[in-house]
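Colleague: Below are the structure tokens for one structure; questions will follow.
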Amino acid sequence: MQSYEPIVETWTITKPVVESEAGVVASQHYFASEVGAQVLEGGGNAVDAAVAAGLAIGTVEPWMSGLGGGGYMLVYRAAEDRCEVVDFSMRAPLALDPKDYPLAESGVDSDLFGWPVVVDDRNVTGPLSFATPGFVAGMAAALERFGSISWRDALGPAIDSARKGFVVDWFATLKIAAAARGLSAFPESARTFLPEGFAPAGEWGGSAPRLRLEKLADTLVQLGEAGAEDFYRGEIATALVDDLREAGGRFHREDLESYEARVVPAPERRYRSARVFVAPTLTAGPSLSRALELLESKFDPAGAPDATAYSAYAESLSVSYAERLQRMGDVDTGKSCTTHLSVVDGAGNMVALTQTLLSVFGSKVMLPRTGILMNNGVMWFDPRPGGPNAMAPGKRPLSNMCPTVVERGDGVRIALGASGGRRIMPAVLQLISFLVDYGMELGDAMHQARIDVSGAPPVIVDNRLDAATVAGLSELYPTYVTPHGVYPALFACPNVVTRDIHRKISAGGAFVMSPWAAACSERFNGAG
């Protein structure tokens, strides 16, 4: 069992919901939300806004996502009443050799999954942790299939932002400093994020410094001029392969040339009076669907969430996670197939987009020719051989991403998801319950206390829950009661938008405990 040190944060933090008759964008960074809202203001649709925001956010919180990552996007088209998934998940190198990842004699990894430790953390940090990135292919496929603006226009805000550089405020300093040891091992990462050998920080009472991402800006410009194909088959691909080979990865040109994003129908299920659309197979979507099935049978909601409800959440999540880890993986069946942002436009189209480098700063390796920070997607695989999620060449791993679209029985539609590894799906499940079972307003749901049950003890319990609920959970499970604090993050980080199809009102709620997360409306009625 993981041990936790006591956390003390004495402030009370709230964040308002943004409402609009038009569109709303909710993301983990205010700049990305503003970019998406500006695209909507200019006549773009929800997918246009999501792609532009998704590209931009990688330049202001580059440790979470970017060109070197992957993910999933759910697209709900109101006119067709249809939900589809853009799968741009990462893929193991075609030349991956499981023998490169021998298990250490003892221990579990200190990152997101608790797998047995691999010698030298090769699956977590450095060139052997790289998986083939799908982000560029995914954004281009979404824009081509569902968008209305050009690829070049979608890239514009990201290019400007990378050139200008992001402000290193206290939160950015914290993120960089927490990863400094890993970043210091790789020259381009250290040069970019650790100038003079230290995490950058502003002087007391002075202005905050900026970190400019000039090489990334050049790469984005090239992408805009040559098109997304250049990342996989052109000049950028050549630079990537050269960088990857020199870094010591297992990549070849074929890894990029053979990669394609996929667009497939989103699986749908009923949950009480609601329709729920999830991402397929190798995401947390099937596990969410199973947990909702279990939850529906375990209690009848009334009033407000109480000890019975939270015990039902815990039990449903525990069973679902046990089944997930035992049975799921990228087996050769032909069916196989983190920052999160949500968008709704004035026509009611919705996007739930989750994109990731996996760990904070991914592999910790920034490629010197392109300025691309690479993922550590190999860490998604169980390093033990023989299981359904064991590593193998060209295989797609089981991920925790859980973008979701819900339609309540009263005509309120919801696009949601979160970042936070295994903690994502429990957050999405509880938010669905708050919004569907209890009919909460979005602001109340975003501020409602949650628990985390994500496959290993203890159950993490927000200390705002009442004593009876805490006592009931403690009788059933080992528990750790803690503030829902800013850092460390022991709960997932959701961003949610809604659309009331009868009142024609959109709303957005951003992750409450982040100093950066914001919802921004198309007509800039406010940001939260």
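A short reminder: the numbers here are calculations on the coordinates, not readings from a lab. Predicted model only: the values in this text are computed from it and were never measured. We place every Cβ from the backbone using ideal geometry, glycine too, and count neighbours over all the protein chains shown.
Colleague: Sort TYR310, TYR321, TYR480 by Cβ crowding within 10 Å, fewest neighbours at the top.
Modeller: Placing the least packed residue first, the sequence is TYR480, TYR321, TYR310.
Colleague: What is the extension gain from ARG233 to ALA201, computed as 0.36 nm multiplied by their sequence separation minus the C-alpha to C-alpha distance, in nm to one decimal?
Modeller: 7.6 nm
Colleague: Packing-wise, with mean Cβ within 10 Å as the measure, how do 81-87, 18-24 rank, highest first?
Modeller: Highest mean packing first, the order is 18-24, 81-87.
Colleague: Once Lys and Arg get +1 and Asp and Glu get -1 on their Cβ, which of GLY285, GLY249, GLY346 lies farthest toward the positive end of the dipole of segment 243-356?
Modeller: GLY285
Colleague: Between ALA489 and ASP120, what FRET efficiency follows from the Cβ-Cβ distance if R0 is 25 Å, with the result rounded to 0.05?
Modeller: 0.40
Colleague: Hey, rough spin-label estimate for ARG523 and ASP444, points 7 angstrom out along Cα→Cβ, what's it come to in nanometres?
Modeller: Distance between the two pseudo-spin positions: 2.7 nm.
Colleague: Which of the aspartates and glutamates could a cross-linker span from LYS99 if the Cα-Cα distance has to be under 17 Å and same-chain partners fewer than 8 positions apart are dropped?
Modeller: The qualifying aspartates and glutamates are ASP120, ASP121, ASP382.
Colleague: For the modelled label position 7 Å from the Cα of THR308 along Cα-to-Cβ, which residues of segment 468-486 have backbone nitrogen atoms closer than 11 Å?
Modeller: No residues fall inside that zone.
Colleague: Only Lys, Arg, Asp and Glu count, each charged at its Cβ (+1, +1, -1, -1), so figure out the dipole size of segment 264-410 about its Cα centre, rounded to 20 debye.
Modeller: For this selection, approximately 500 debye.
Colleague: Given the DSSP H assignment, sum -39500 (n - 2.57) over each helix run of at least 4 residues in the chain and divide by its residue total; what's the result at 222 nm in deg cm²/dmol, nearest 500?
Modeller: Mean residue ellipticity at 222 nm (helix-derived): -9500 deg cm²/dmol.
Colleague: When the scattering of the chain is computed by the Debye formula from its Cα atoms alone, each counted once and equally, what is log10 I(q)/I(0) at q = 0.08, 0.10, 0.12 Å⁻¹?
Modeller: -0.45, -0.73, -1.10
Colleague: What are the lysines whose alpha-carbon lies under 27 Å from the alpha-carbon of LYS164, with same-chain residues fewer than 8 places away excluded?
Modeller: LYS175, LYS215, LYS364
Colleague: Could you give the length gained on full extension between GLU214 and ARG272, defined as 0.36 nm per residue of separation minus the Cα-Cα distance, in nm?
Modeller: Full-extension gain reported as 15.8 nm.
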